[in-house]
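The values are calculated or read from the model by the stated rules, or taken from the named source; none is laboratory data. Remember, it's a predicted structure, so these values are computed and weren't measured experimentally. When we count neighbours, we look across all protein chains shown, and the Cβ atoms used for this are built from the backbone with ideal geometry, even at glycine. Ligands, DNA and RNA are stripped out before the accessible areas are found, and what is left, the full protein with its side chains, is counted by its heavy atoms. Shrake-Rupley method; radii C 1.70, N 1.55, O 1.52, S 1.80 Å.
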Amino acid sequence: MLVEIRCDKFISNGEQRPPIRFNSGLNTVLGSESGSNSIGKSTFLMIVDFAFGGDDYVLKSTDVQSNVGQHIIQFAFRFGGQMFYFSRDTIDHTHVSPCNELYQPIPDKVMSRDDFREFLFAKYAISLPHTKFRDIVGRYFRIYGRENLDEKHPLSNAKNEPPKNAIKALLKLFGVYASISDLEVAFEKSKDERDAYKKAQDFQFIPRIGKRQLQDNEKRIAELQTELERLQVSSGNELMGLDSRQAETLAELRRKLTSAKRQKSRIISQLNSIDSDMGNNNEGVPVANDAAVSRQQRAIQLLQGFFPTVSLKKLEDIERFHSQLVTVLNSEYREARQRYLTLIEVASQEIAALEKEIRASGLTPKVSRAILEEYAATKGKIKAIEKENETYSKYDELKQAAKDMEERLLALQEEQIGFLQSQINVRMDKINDAVYLGEKRPPVLTIKKPNSYTFLTPDDTGTGTSYKGLVVFDLAVLQLTALPALVHDSVILKQIADEPLERIMKLYGETPKQVFIALDKKGSYTEQTQQMLESSTVISLSDGGNELFGRSWNIK
């Protein structure tokens, strides 16, 4: 429990205040009899919240920060008989310094704010999964300036908090959320799968069809199946058992084989054409040998007989050129012929490999390539349409799975909510009877859905009754759960009639946990209330130098 708070900026009539010490049960911040404002009652409750790991003292009490300046709040907790001392700086409020009993920071022991909250969570033995310390205490530290003073919405921690989150926080505090959590995770996963599939359809990564298209597709599949049957009959049932992939494979192999054979035939024709044009010796190669040279010489001598004046040297030069040209042509011919022979060999090897692959595939129906291609194309169309239908079925399946998971989640939530609601309402009835001696109706919490609730006292919407209902609710939660402490500012309590307030004060004092309240005008309450206020006061504040910081900065 929180044992004390101190600060060198706490001043009373010019002197530093001694440490403010706390007890279990009720701890009162008492204001003046005149009900003076701006003396520090709510501010001190904000400091209590600060000691419990809150931030609103720095973030929302801006007038204090600007008028007091940087200061350090020192505080101590006791758990299991052991004392723990800490300090928090209003400038570096995201860290907490563990200290010795003299509030001297321990070197190299600075904690982050979150680690400090985890420390309190553990020391208060709050063994609740799926929640954090501040989400528990922050909701029930109701201080002016915070956003949890709405008497019509006691579950909310802020004005704009969705009711769904507030209800979930209550389920966690009562320890019944764990059974819901796994289903929530499963539902979110199912919903994400559905949404991701729809998004893929939106971006046309996968097809999207409607129910009408599904019906048209089914008709088209029936037509294509009829066409397949026709092709199977026309092939003598040689295509029986082939799927589209096998048919495509076989058709492609047949196409490649036909292409290879045609290529080989063209190369052979080109080779034959060269052999025919050039003439062949016994090796298939034209040559210029000695006999041919002798024939050329005799032909020149005969020519000289007819034309005595002809230049034999020129004729011999021409014939020599012809001979060289024949030699070059012979060389090119041999190269070209060898190239074609090589191409023929390559084509033959390709044909042999394709024939072997066709035999090895086991797909050897004796049908034409054209029929195979038509069969494969028809099978492919059926497969594509079936794929479209599968996307429709898959999305429908994902939608139904998400819907079923949501229904299961809602059923479990309603079951747990019903149990929790009953617990709270029964305890509020008991507390309300103690406050009104069984004469008035209690407030009622009605959680209609996991995202909607109402809180009211039937047939009584008065301001005092509404704030009394808020106090009764908080006391019920304090008694039923691991909530370690409660804070009620005077803005809540001063709305309640004197006699009910007296009994509420008694309930505050009877709890073994800590309750921190602020109230003023002690003399205006019943004698019993005055006695309880006096005995539970931890700090008294008033104007004229006895403000929390020894002065007021709202005076003109």
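Considering the range 495-526, and only residues there that are assigned to a loop (DSSP other than H, G, I, E, B) and within 25 Å of ILE20 (Cα to Cα), the residue that is nearest to the chain's Cα centre (by Cα) turns out to be LYS513. State whether the residues of the range 34-53 include one that is small (Gly, Ala, Ser), out of contact with any Pro (no Cβ under 6 Å at 6 or more places or on another chain) and open to solvent by less than 10 Å² (accessible area, probe 1.4 Å). Yes; the residues of the range 34-53 include at least one that is small (Gly, Ala, Ser), out of contact with any Pro (no Cβ under 6 Å at 6 or more places or on another chain) and open to solvent by less than 10 Å² (accessible area, probe 1.4 Å).
Take ILE555 and decide whether it is crowded, with 20+ Cβ neighbours inside 10 Å and β-branched (Val, Ile, Thr). No, not satisfied. Regarding the range 57-65, can at least one residue be identified that is under 39 Å from the mean Cα position of the chain (by Cα), part of a helix (DSSP H, G or I) and of a type in the set (Ser, Thr, Tyr)? Yes, the range 57-65 has at least one match.
Return the only residue of GLN421, GLN495 being touching a strand residue (DSSP E or B) at 6+ places or on another chain (Cβ under 8 Å), touching a residue at least 12 places away in the same chain (Cβ under 8 Å) and open to solvent by 10 Å² or more (accessible area, probe 1.4 Å). One residue alone meets the criteria, GLN421.
Of all residues in the range 424-443, those satisfying the criterion of being over 18 Å from GLU502 (Cα atoms) and open to solvent by less than 50 Å² (accessible area, probe 1.4 Å) are ILE424, ASN425, PRO443. Taken over the range 10-33, the criterion of being at pLDDT below 95 and charged (D, E, K, R) is satisfied by GLU33 alone.
Within the range 213-229, residues that are open to solvent by 90 Å² or more (accessible area, probe 1.4 Å) have Cβ atoms under 7 Å from residues that are not small (Gly, Ala, Ser) and not in a helix (DSSP H, G or I) in no pair, counting only partners at least 6 apart in sequence or on another chain. Residue check: ASP115 meets all listed conditions (1) touching a Gly at 6+ places or on another chain (Cβ under 9 Å); (2) loosely packed, with under 14 Cβ neighbours inside 10 Å but one, namely (1).
The residues on offer are LEU372, LEU409, LEU420, and the sole one that is assigned to a helix (DSSP H, G or I), modelled with pLDDT of 85 or more and more than 20 Å from PRO154 (Cα to Cα) is LEU409. List every residue pair whose Cβ atoms sit under 6 Å apart, with the two residues 6 or more apart in sequence or on different chains, where the first one lies in the range 527-552 and is open to solvent by less than 60 Å² (accessible area, probe 1.4 Å) and part of a strand (DSSP E or B) and the second, anywhere, is at pLDDT 95 or above and of a type in the set (Phe, Trp, Tyr). Going by the 6 Å Cβ cut-off, the qualifying pairs are VAL538/PHE22. Each residue in the range 446-464 was checked for being of a type in the set (Val, Ile, Thr), open to solvent by 20 Å² or more (accessible area, probe 1.4 Å) and more than 16 Å from SER156 (Cα to Cα), and 2 of them qualify.
Of all residues in the range 428-465, how many are out of contact with any strand residue (DSSP E or B) (no Cβ under 8 Å at 6 or more places or on another chain), farther than 20 Å from GLN479 by Cβ and modelled with pLDDT of 95 or more? Walk me through it before giving the result.
First, pick out the residues of the range 428-465 that are out of contact with any strand residue (DSSP E or B) (no Cβ under 8 Å at 6 or more places or on another chain): 429-439, 449-452, 459-464.
Remaining after also requiring farther than 20 Å from GLN479 by Cβ: 439, 449-452, 459-464.
Next, from what is left, pick out any that are modelled with pLDDT of 95 or more: none.
Number of matching residues: 0.
Can you confirm whether LEU30 is buried (at least 19 other Cβ atoms within 10 Å of the Cβ) and closer than 30 Å to TYR124 by Cα? So LEU30 passes the test.
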